[in-house]
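To start, the structure itself, in structure tokens.
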Amino acid sequence: MIYLDNAATTKTSPAAQQAMLDCMEQFWGNPSSLHTPGQRAAEALAKAREEVASCIGASPREIYFTSGGSEADNQAILSAALLGKRKGKTHLISTAIEHHAVLHTLARLEKEGFSVTLLPVDESGVVKVSDVAAAIREDTALVSIMFANNEIGSVQPIQEIGALCREKKIPFHTDAVQAAGHLPIDVVKQNIDMLSLSGHKFHGPRGVGLLYVRKGLPLLNLIEGGAQERSKRAGTENLPAIAGMAVALKEACDHLEENARKEIVLRDRLIEGLSKIPHSALNGDRERRLPGNVNFCFEGIEGESLLLLLDDKGIAASSGSACTSGSLDPSHVLLAIGRPHEVAHGSLRLTLSEETTREEVDQTIQAVTEVVARLRAMSPVWDELQKGVRPYVIQ
Ligand SMILES: *Cc1c(COP(=O)(O)O)cnc(C)c1O
């Protein structure tokens, strides 16, 4: 199988697996216990916390382990909203292309009386810093803008947005789930107040993530209970997963540039190959995108059928985000960059890892080219486009 769905999840690395096994064998104690097995577990937890903190330029006391990226996003947003409300601030700023963990949390707050501004993005999927500046109000409680998009890979001007928010004294959260381990992150240099990441997007285990919260910024907990994570996230720590994530993040950050360089070469080869398909269009910017992200629209076909036929040919791909595939709604991200509904349905996301090979990329180009041609041959829409009954949207 050629696995090109690394934005949905990655294969757990051997080192991460080993760290998890070691934890289960040696550090099975409860880190809150005072006896020796407990203290050994507490030490392993502290080591993992130091490791992940150093990977993003944070200090260990600024790290809160969670059950994943979704929980970290929920906590950052709900906490900032509820703390803001206490001071009469009930306005939240985000973008139209966020992950549903952010968008649905904001929608819930909107029902509770908060006002939400979802900023647009340009045709390459990037938000304008001047739009963020213009949206800021006296009563803005939070700006939450993703580091890099999970569907089209567009990378946002995080450092500039962070600087703006710092100047206006508004907490700034970024969902860095797709960026962590793939793009350089330095929370201090990039002016980030809160950041979410998730273990399974950089070859760590799933069901674990973290929220970074800058020292001095208050944080409310979502889960009531014990005093774990300095009382901000109750529940006995999932130490094997935390240790696996820490090892995976360290590995990814140690090889970040080398991996990115390798992936960019193959990504660009894939983009070039797929661009030769008539009436196809790359979604997102040619350059300003995640090293492993390729996303195309093909006119006249359905993304779902494309995926099934590619799976038959041994290629695991996606039509966009794992969370929306299976539903017939076109991607909110593709609509936000201006793709019309009928074209947004025919999208294909291929996400590489550092293990992807040139042979795999070449096989994929060939397979997608064949499958698109085959689907078009059966498509009544394509027939109409060919006959000029309706105009092409993608030239
Ligand atoms: C995968 C993903 C999430 C969710 O992370 P989980 O750990 O699966 O909950 C959130 N945001 C983005 C951008 C993602 O890609």
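The values are calculated or read from the model by the stated rules, or taken from the named source; none is laboratory data. Just so it is clear, the model here is predicted, and its values are computed rather than measured. Backbone-built Cβ (ideal geometry, glycine too); neighbour counts: all protein chains shown. Calculation scope for accessible area: heavy atoms of the full protein, side chains included, ligands and nucleic acids excluded. Shrake-Rupley method; radii C 1.70, N 1.55, O 1.52, S 1.80 Å.
The table below gives the values:
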item: Cα gyration tensor category, rounded, prolate or oblate, for the range 256-387 with a/c compared to 1.5; result: prolate
item: Dimensionless Rg/Rh of the range 78-210 - Kirkwood Rh, Rg from C-alpha atoms; result: 0.95
item: Rounded FRET efficiency, nearest 0.05, which uses the C-beta distance separating Arg61 from Met378 and R0 of 56 Å; result: 0.40
item: Contour minus Cα-Cα distance for Lys189 and Met24 (0.36 nm per residue); result: 55.8 nm
item: Inter-label distance, nm, simple model (7 Å from Cα along the C-beta direction), Ala46/Lys169; result: 3.7 nm
item: Within a Gaussian network of the chain (alpha carbon springs, distance under 10 Å), most fluctuating of Gly216, Gly29, Gly207; result: Gly216
item: Sites Arg137 and Ser54, calculated FRET efficiency, Cβ-Cβ separation with R0 35 Å, nearest 0.05; result: 0.45
item: Carbon plus sulfur fraction of accessible area for the chain, probe 1.4 Å, in percent; result: 52 percent
item: Share, in percent, of DSSP beta bridges within the range 256-387 that are antiparallel, nearest 5; result: 90 percent
item: Relative contact order of the range 256-387, pairs being alpha-carbon contacts under 8 Å that are 6 or more residues apart, as %; result: 33 percent
item: For the range 180-241, convex hull volume per residue from C-alpha positions, Å³; result: 92 Å³
item: Residue-by-residue Karplus 3J(HN,Hα) for the range 251-258, coefficients 6.51, -1.76, 1.60, Hz, glycine and proline x; result: 4, 5, 6, 5, 10, 4, 5, 4
item: For the chain, with +1 on Lys and Arg beta carbons and -1 on Asp and Glu, the positive-most of Gln395, Ser130, Pro184 along the dipole; result: Ser130
item: Highest to lowest packing among 51-58, 307-314, scored as the average C-beta count within 10 Å; result: 51-58, 307-314
item: Relative packing of 79-90, 95-106, 170-181, which averages over residues the other C-beta atoms within 10 Å, highest first; result: 170-181, 95-106, 79-90
item: Amide H within-cut-off set for Ile315, under 5 Å, with H built and near neighbours excluded; result: Ile2
item: Accessible surface, the chain, averaged per residue in Å² (probe 1.4 Å); result: 43 Å²
item: Relative contact order of the range 14-254, pairs being alpha-carbon contacts under 8 Å that are 6 or more residues apart, as %; result: 27 percent
item: Gain upon complete extension [Ile264, Leu82; 0.36 nm per residue less C-alpha separation]; result: 61.4 nm
item: Cα gyration tensor shape of the chain, rounded if a/c is under 1.5, else prolate or oblate by comparing a/b with b/c; result: oblate
item: Computed [θ] at 222 nm, helices only, for the chain once each DSSP H run of length n ≥ 4 contributes -39500 (n - 2.57); result: -13500 deg cm²/dmol
item: The range 152-279 shape via C-alpha gyration tensor axes, a/c threshold 1.5; result: oblate
item: Residues whose placed amide H lies under 5 Å from that of Gly226, excluding near-sequence neighbours; result: Gly235
item: About the Cα centre, charge dipole magnitude for the chain (Lys/Arg +1, Asp/Glu -1 at Cβ), debye; result: 1100 debye
item: Per-residue ³J(HN,Hα) for the range 378-395, Karplus 6.51 cos²θ - 1.76 cosθ + 1.60, θ = phi - 60°, Hz, x for Gly and Pro; result: 9, 8, x, 5, 4, 4, 5, 5, 5, 7, x, 5, 9, x, 5, 8, 9, 6
item: Farthest toward positive dipole pole in the range 14-254 [+1 Lys/Arg, -1 Asp/Glu at C-beta], among Gly113, Gly235, Pro157; result: Gly113
item: Paramagnetic reach from Glu160 in the range 116-152 [backbone N under 11 Å; point 7 Å along Cα→Cβ]; result: 127-133
item: Gain in span if fully extended, Thr236 to Arg390, counting 0.36 nm per residue against the direct Cα distance; result: 49.5 nm
